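One structure below.
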Amino acid sequence: MPYNCTDCPRNCGALRSGPSGRGYCGSGELIGVARVMRHMWEEPCLGGQKGVENIFLTGCNLKCIYCQNHKINGSEDISGIPGLLFASPEDFGKILIDAANTDAQAVGIVTGDHYIRQIAASVTPDVKAAIKKPLIFNCGGYMKPETVELLRGKVDIFMPDFKYSDGYAAGCLSKAADYPEVAKAAILKCFELAGPAVFDDDGLMKSGVIVRHLVLPGRIQNTLGVIDELNGMFKPGDIVFSLMSQYLPLPGLVPPPCFERLTGPVSKAEYKKSKEYFENALNLTLGYTQDLSSSDPSYVPDF
Ligand code: SF4
């Protein structure tokens, strides 16, 4: 049924009907599926040797100006995306089962913040039973706890970003100055639903929370603040923290006046300091860092 949406902190109240919506996320009532593809570069505890069968969704409630998935996140016209489809909950349930019936280690839903209601309706008990491998919910972290609650018992691994501890940067780059507080509450809710990280004997994650953070050039304090916040929120072994260095300036990106350093990659000194700070965070005992060579265009999915 069409509805006026207040599912995320934008509180647009926009009508979502069929495939279209006029809210900030640009998403309708149906789930926009841009592509289903195997992804080999997720954190090793997720994909192992076989990778994650990722389902990339259209639209976004953040639309960060540096987004690598800008071709599908609604910043541009998405109508020309090859294979684009709009799925009802029933159809999306079938897509999830098809993705699970591959040899992938896990199934991932990528950028689901603005489709939580629809994803929750898709993962019926029958669908959940048929998936038989970890279901990962990858999101930007800009979510209401009461909406995340809809995913209770339906998702095994939550993978929220924690992009900003700095509200100024969040306002400048994602038009979401309230992001730091919103994301903290959302991440705590994810942890309430998924519990402390659980791994099998091969080190593959079965359930829990992985928090990702992308280091941005010229904003080292933003990264150190994220680490401080998480270090204060959790105990050793609770969550996995993934510190990413793969920021790449998009071709033609014009940085906003409030954030002029976006035109180059993260410097070696910035990433070294971030890594050392993470390594000294006593409550963040599980995690990953990246080699700076990860900031390579070949890591960016082409839609
Ligand atoms: S999910 Fe989309 S339509 Fe709903 S409140 Fe958020 S931005 Fe608006």
Boolean, I78 is more than 16 Å from the chain's Cα centre (by Cα), of a type in the set (V, I, T), more than 12 Å from the ligand (Cβ to nearest atom) and closer than 23 Å to L173 by Cβ: yes
Members of segment 11-24 found to be surrounded by fewer than 20 Cβ atoms within 10 Å (Cβ to Cβ), outside any strand (DSSP E or B) and either without any contact (Cβ under 8 Å) to a residue 60 or more places away in the chain or within 9 Å of the ligand (Cβ to nearest atom) (or both), listed by number: N11, C12, G13, R22
Qualifying residue in segment 32-48 (condition: within 19 Å of N73 (Cα to Cα) and within 16 Å of the ligand (Cβ to nearest atom)): yes
Selected residue [assigned to a helix (DSSP H, G or I), in contact with a His (Cβ under 9 Å, 6 or more places away or on another chain) and either of a type in the set (K, R) or in contact (Cβ under 8 Å) with a residue 40 or more places away in the chain (or both)] from L262, L224, L243, L230: L230
Residue within segment 162-184 that is under 19 Å from M205 (Cα atoms) and touching a strand residue (DSSP E or B) at 6+ places or on another chain (Cβ under 6 Å) present: no
Any helices (runs of 4 or more DSSP H) falling wholly within segment 62-135 and containing at least 3 residues that are in contact with a strand residue (DSSP E or B) (Cβ under 8 Å, 6 or more places away or on another chain) and in contact (Cβ under 8 Å) with a residue 12 or more places away in the chain: 89-100, 116-122
Residues being surrounded by fewer than 20 Cβ atoms within 10 Å (Cβ to Cβ) and among the β-branched types (V, I, T) - total across segment 186-220: 2
Selection count where residues are under 28 Å from K132 (Cβ atoms) and either of a type in the set (S, T, Y) or crowded, with 19+ Cβ neighbours inside 10 Å (or both), scope segment 73-88: 2
Sole residue being surrounded by fewer than 16 Cβ atoms within 10 Å (Cβ to Cβ), hydroxyl-bearing (S, T, Y) and at negative phi, chosen from T263, T289: T263
Residue within segment 151-161 that is in a helix (DSSP H, G or I) and farther than 20 Å from T58 by Cα present: no
Top-ranked residue of segment 183-221 - restricted to ones that are part of a loop (DSSP other than H, G, I, E, B), of a type in the set (A, V, I, L, M, F, W, C) and more than 22 Å from R152 (Cβ to Cβ), ranked as farthest from the chain's Cα centre (by Cα): L204
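Read-outs: derived from the displayed coordinates by stated rules, not from any lab. All figures in this text were calculated on a predicted structure; none of them were measured in a lab. Neighbour counts are summed over all protein chains in view; Cβ atoms, including those assigned to glycine, are modelled from backbone coordinates with ideal geometry.
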